[in-house]
Amino acid sequence: MNLEQQFRENIKKVKAYIYVLQVISWDSNTEAPRNSFRRRGEVLSEISKEVFLLQTSPEAIKLVNELYEKIDSLDDHLQREVRKAKKSIDKIINIPQSEYLAYQRLINDSQLVWEDAKKNNDYLSFKDNLAKIFEYNKKFALYYDANANPYDTLLDDYEEGMTRKEYDLFFNALKKDLVPFVKEVLAADKKSYAKLINDKFDIKKQEVFCDYLTDVLSFNRNSGLMKKSVHPFTWNTSPEDVRFTTKYLENYVLSSIFAAIHELGHAIYEQQISTEFDDTILNGGTSMGIHESQSRFYENIVGRSYEFWETHLPKFKEIFPEQTKGIDALDMHYAVNQVEASLIRIEADELTYPLHIMLRYDIERMMINGEITVDELPQIWNDKIEEYLGIRPTNDSEGVLQDVHWSGGMIGYFPTYALGTAYSAQIFNTMKKELDVEKLIKENKIVKINEWLKEKLHKYGSSKTPKELLLMITKEEFNPKYYIEYLKEKYTKLYLTK
Ligand SMILES: [Zn+2]
């Protein structure tokens, strides 16, 4: 076997193990009984060890390095695969094993420490773990590249090619243009739709409506399915097996609807990737940011549009005649686009959401660069949220302790949420020039939008970088102005024109 064949064989084997791990993880997140966790943990650790060995054994590393030496002679897809493989190996092998294991233990322990701290509103009990997590992440980033700024390295882990340079430009634009605009919208007179939104909606009937939405968005049911879970997520092994979940709350019907549409966005992306990448590491969406751009596109631009409710309110009314008495499409359009200053990121609306991310970016950046310490964190958090949204947490559970990410070692992840939404506005700007998007939504032809996205973006899987995709689709590098324009246009029309 030559080098390329050996590489191919190895990847194929890794993918087979990963397939097994994924099926187990779907089961554990949806169907598995509570007590199955013990035995599952044992089995998972055995299989994971095999995968780790296959990826990081001296032979596997040698193989990747040898291919990397002759990278220019490889075809495009193989080049991309070898670069990706080399990068993930280099991220691990420079870390001393004792530190790697100590970090794994720290992350494992920190989950419970954080959960308790959040429950008891006790930041002090979590502070030391948090400091260590930031220290380790910084150290590991420097092991990978001693000459790069460690936060740049961490940002690149979650969104290939993105550094502080791009994010600073992005968040500075939001600070300058969006913060004052949000204040204007928050101060505007608004009708309350709380009665409709928080009415009692039978969960079985909500399931019927979410099932209907699955067809509206042209999800391929022969290659996927929908279930429920506590935290909605999308799961896939290949474009032929893509599953997602939504979350049902009896007194908040919008939760299941928009979680379903959001996850459908992720799921349609995965279903439309070319199957040629199945046995490669180029399968799956290319990055966190691009993935989120797809889920947010369907959730906000499609699902929260007036046209969407013009077409689908009749079905909603048919299922919930009592709760929707006297409600028309415009009411529904307002009800799904309520703007409110809130303390909790995951409950934030489309307009205020990016400000929650901006705050986390500011803090991560300062923490990694040693400009602030964990002791100052709660105060800085509260000051910033007050500066951006005009409200202040009364305790740390609704402030610095609210998210799981940092306790899980995910530093550099948050910015991709806002970035993805901004990508979606830039892509939408191009799409509008080629498709009559509003008309397609109104005529229930979302499948045409799916087809456009498949040709322009989805089919490539991870064979292109986020930057390459954005440039190919929009003929421009990332530009936050489209996002700001989109938000201003939409919310001016909704709340600032008499
Ligand atoms: Zn998402």
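Remarks
- Computed over segment 101-260, the range of Cα coordinates on each principal axis works out to 55, 46, 38 Å, biggest value leading.
- Between helix 3-30 and the chain: long-axis angle, C-alpha atoms, 0 to 90°, nearest 10: 40
- Ellipsoid fit via the Cα gyration tensor, segment 1-93: semi-axes of 32, 13, 11 Å, each the root of five times an eigenvalue, largest first.
- Relative to the longest principal axis of the Cα atoms of the chain, helix 415-434 runs at roughly 60 degrees.
- Principal axis box of the chain, alpha-carbon based, largest edge first, Å: 69, 52, 51
- Within the same chain, lysines fewer than 8 places from Lys13 are excluded, and of the rest, those with a Cα less than 21 Å from its Cα are Lys49, Lys62, Lys84, Lys86, Lys87.
- Between the C-alpha center of segment 328-400 and that of segment 137-153 there is a gap of 27 Å.
- Only Cα sites of segment 217-359 enter the Debye sum here, all with the same form factor; the resulting log10 I(q)/I(0) across q = 0.09, 0.14, 0.15, 0.18 1/Å is -0.32, -0.75, -0.85, -1.14, listed in q order.
- Among the listed pairs Lys70/Lys139; Lys191/Lys490; Lys200/Lys498; Lys432/Lys467, a Cα-Cα separation exceeding 28 Å is found for Lys70/Lys139; Lys200/Lys498.
- Cα-based equivalent ellipsoid, segment 410-486: semi-axes from gyration tensor eigenvalues, Å: 22, 15, 13
- Of the beta bridges in the chain, as assigned by DSSP with both residues counted there, near 45 percent are antiparallel.
- At q = 0.17, 0.20, 0.25 Å⁻¹ the log10 of I(q)/I(0) for segment 314-409 amounts to -0.77, -0.95, -1.34, computed by Debye summation with a single uniform scatterer per C-alpha, solvent ignored.
- D_trans [Stokes-Einstein, Kirkwood Rh over alpha-carbon pairs] for segment 47-112, 37 °C, 0.692 mPa s, µm² s⁻¹: 243
All of the numbers you see were taken from the coordinates with simple rules; none came from a lab. Remember, predicted model here, so these are calculated numbers, not experimental data.
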